[in-house]
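The values are calculated or read from the model by the stated rules, or taken from the named source; none is laboratory data. All values reported here derive from a predicted model rather than from experimental measurement. Cβ placement follows ideal geometry from the backbone for every residue including glycine, while neighbour counts extend to all protein chains displayed.
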Amino acid sequence: MDSARKAQEDERLYLLFCANFTRWKPEYQNFRAFRDVMTGANIDRRSDEDILAEVARIEKELKLTDGDVTV
């Protein structure tokens with residue numbers, strides 16, 4: 001995407017963000033997070049295997065047993 005078109009898209013998204021800002025008080029998010037959601041940039045595009053490997057690593061670090069964290 002060329003820089004002029006990206007700037008135009010960012011401006012349009014920023015105006016939408018500003019127009020709805022007061023409605024989001026409890027769930028406030030900054031513009032960067034809003035833009036990522038609106039453009040799909042926040043979608044995890046890793047394979048299922050990579051995600052499950054990360055889950056297994058985290059469970060091992062936390063020493064999860066029967067769904068409970070042991071300390």
Between residues in the stretch 4-24 that are among the aromatic types (Phe, Trp, Tyr) and residues that are surrounded by 10 or more Cβ atoms within 10 Å (Cβ to Cβ) and in a helix (DSSP H, G or I), which pairs lie under 7 Å by C-beta distance while being six or more apart or on different chains? Tyr14/Phe31; Phe17/Phe31; Phe17/Phe34
Cross-chain or 6+ apart pairs with Cβ under 7 Å, the stretch 38-60 first and within 30 Å of Leu16 (Cα to Cα), then of a type in the set (D, E, K, R) and modelled with pLDDT under 95: Asn42/Asp36
Within the stretch 19-62, the count of residues that are of a type in the set (D, E, K, R) and within 29 Å of Glu9 (Cα to Cα) comes to 9
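For every residue, the table says whether it meets (1) charged (D, E, K, R); (2) assigned to a helix (DSSP H, G or I); (3) modelled with pLDDT of 90 or more; (4) out of contact with any Gly (no Cβ under 8 Å at 6 or more places or on another chain).
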position	(1), (2), (3), (4)
Arg5	yes, yes, yes, yes
Asn20	no, yes, no, yes
Pro26	no, yes, no, yes
Asp36	yes, yes, yes, yes
Glu54	yes, yes, yes, yes
Glu59	yes, yes, no, yes
Take the conditions in a loop (DSSP other than H, G, I, E, B) and of a type in the set (Gly, Ala, Ser) and apply them to Ala41. Does it pass? yes
